[in-house]
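**Q** Sending over a structure as structure tokens; questions will come in a sec.
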Amino acid sequence: MAVGLIVSSAQAEWQPKGPIKLWIGFGAGGGTDTQARSLAAELENLRGWRIIPENKAGGGGAVMAASLKNAPADGQTIGLRQEAQIRAVEKKLEQNQEEKKHVR
């Protein structure tokens, strides 16, 4: 999984009002968790922001995504997911919907 960070000049002016919560859509100790914690450390080093990683595992990232949807839109909470896993869940949901169309 690749993780990138792009900051425009407008975004560069924004500063958090306190620690930023980095929600991770998978359990502790896995590859996504390791990369998220590495990203948090890099942001702390590069920007001086305090990042607090928190695992919100379940449903292939769905638990974290639902939690993020309900978080305040203030930039203090961000989420990290593994794209391949999310695509696999989406494909399975699409297959289930297609199967339901053929059942009478």
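**Q** Scan region 23-51 and report the pairs whose first residue is without any contact (Cβ under 8 Å) to a residue 24 or more places away in the chain and whose second residue is part of a strand (DSSP E or B) and of a type outside the set (D, E), with Cβ atoms within less than 7 Å and a gap of 6+ or a chain change.
**A** D33/I24; D33/N55; R37/P53; A40/L22; A40/I51; A40/P53; E44/I51
**Q** Another one. With respect to A41, determine if the residue is aliphatic (A, V, I, L, M), at pLDDT 90 or above and assigned to a helix (DSSP H, G or I).
**A** Yes, satisfied.
**Q** Please enumerate the residues belonging to region 46-73 that are at positive phi and loosely packed, with under 14 Cβ neighbours inside 10 Å.
**A** Answer for region 46-73, where residues must be at positive phi and loosely packed, with under 14 Cβ neighbours inside 10 Å: G48, G59.
The values are calculated or read from the model by the stated rules, or taken from the named source; none is laboratory data. In this text the structure is predicted, and so the values were computed from the model without any measurement. Reconstructed Cβ throughout: ideal geometry from the backbone, glycine too, with neighbour counts over all protein chains shown.
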